[in-house]
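**Q** Shown below is the structure under consideration.
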Amino acid sequence: MKNGELVRLRNVHKRYRREQNEIRVLEGINLDVKEGDFLALMGPSGSGKSTLLNLIGGIDKPTEGEVWVAGESLGSLSSNALAAWRARHVGFIFQLYNLIPVLTAYQNVELPLLLTRLSGKERRERVALALRLVGLEDRAKHFPRQLSGGEEQRIAIARAIVADPTLLVADEPTGDLDAKNADEILTLLKRLNEEMGKTIIMVTHDPHAAQRAKATVHLEKGVLQS
């Protein structure tokens, strides 16, 4: 992308149909995110934050407008091509961790790598590195039920970074945590941004969380506020 832009949205609209009604979620969004940015996306509940994050992460497509991420126009990709693009470029971090309860921490982190052509040895090295980066090497054999909420979220972050994605998208990553664990997760995200150069877009309603980002944008009723 030109000028170091990793994400570029131009006149993006998102509408859904519910029976006879058209629901307008996003209206004319223009947004640029440069490589290495840490952007907080704020706004009240129902303002369209998660929808916007889903468009940037390639989970959904715009009704109108263009979404360019990592040099690809996402609206023009087929479902299969979009899934392959997501696996290569995007690491997802959710509010509720989404760990698989019957898998160990190690196996949860390894999951994205099972879609790659890496050898078993390369997968083991990647998982060990990701667990080390989040400070949980000693929890590799634990199941999610044996971990605290903060540890579960750190395992989820390890899973998000294990394939070395171009972009991390985080949807309320501290929304289910107490203040101490939330602070640790935000410190970890800031480290990934500053030391590993990861580009992060984080949806949050928490001003304290947004302060950790390099920039903040506000969404109000589907419109970005300048």
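**Q** So for the stretch 97-114 (the condition being under 23 Å from residue 200 (Cα atoms), surrounded by fewer than 19 Cβ atoms within 10 Å (Cβ to Cβ) and modelled with pLDDT under 90), does at least one residue qualify?
**A** Yes, that holds for at least one residue.
**Q** Which members of the stretch 188-226 meet the condition of being of a type in the set (Ser, Thr, Tyr) and either in a strand (DSSP E or B) or within 16 Å of the chain's Cα centre (by Cα) (or both)?
**A** Once the filter is applied, which keeps residues that are of a type in the set (Ser, Thr, Tyr) and either in a strand (DSSP E or B) or within 16 Å of the chain's Cα centre (by Cα) (or both), the stretch 188-226 yields 199, 204, 216.
**Q** Right, next: How about the stretch 1-24: which of its residues are within 20 Å of residue 68 (Cβ to Cβ) and in a strand (DSSP E or B)?
**A** 5, 6, 7, 8, 9, 10, 11, 12, 13, 14
**Q** For the stretch 58-81, which positions are in a loop (DSSP other than H, G, I, E, B) and surrounded by fewer than 22 Cβ atoms within 10 Å (Cβ to Cβ)?
**A** Answer for the stretch 58-81, where residues must be in a loop (DSSP other than H, G, I, E, B) and surrounded by fewer than 22 Cβ atoms within 10 Å (Cβ to Cβ): 59, 60, 61, 62, 63, 70, 71, 77, 78.
**Q** For residue 38, are the conditions met, namely being in contact with a helix residue (DSSP H, G or I) (Cβ under 7 Å, 6 or more places away or on another chain), closer than 30 Å to residue 218 by Cα and either at pLDDT 95 or above or hydroxyl-bearing (Ser, Thr, Tyr) (or both)? Walk me through it before giving the result.
**A** On the way: in contact with a helix residue (DSSP H, G or I) (Cβ under 7 Å, 6 or more places away or on another chain): yes; closer than 30 Å to residue 218 by Cα: yes; either at pLDDT 95 or above or hydroxyl-bearing (Ser, Thr, Tyr) (or both): yes.
Yes: the conditions hold for residue 38.
**Q** Also, I was wondering about something else. Whether any residue in the stretch 148-160 is under 18 Å from residue 87 (Cβ atoms) and out of contact with any strand residue (DSSP E or B) (no Cβ under 7 Å at 6 or more places or on another chain) is what I want to check.
**A** Scanning the stretch 148-160, I find at least one residue that is under 18 Å from residue 87 (Cβ atoms) and out of contact with any strand residue (DSSP E or B) (no Cβ under 7 Å at 6 or more places or on another chain), so the answer is yes.
**Q** Another question, if that's okay. Which residues, counting only those in the stretch 92-107, are out of contact with any Gly (no Cβ under 9 Å at 6 or more places or on another chain) and not polar (S, T, N, Q)?
**A** 93, 94, 99, 100, 101, 102, 103, 105, 106
**Q** Filter the stretch 148-179 down to residues that are of a type outside the set (Ser, Thr, Tyr), in a loop (DSSP other than H, G, I, E, B) and crowded, with 19+ Cβ neighbours inside 10 Å, then give me how many there are.
**A** 6
The values are calculated or read from the model by the stated rules, or taken from the named source; none is laboratory data. Note that this is a predicted model, so its numbers are computed, not measured. No Cβ is skipped: glycine too gets one built from the backbone with ideal geometry, and neighbour counts run over all protein chains shown.
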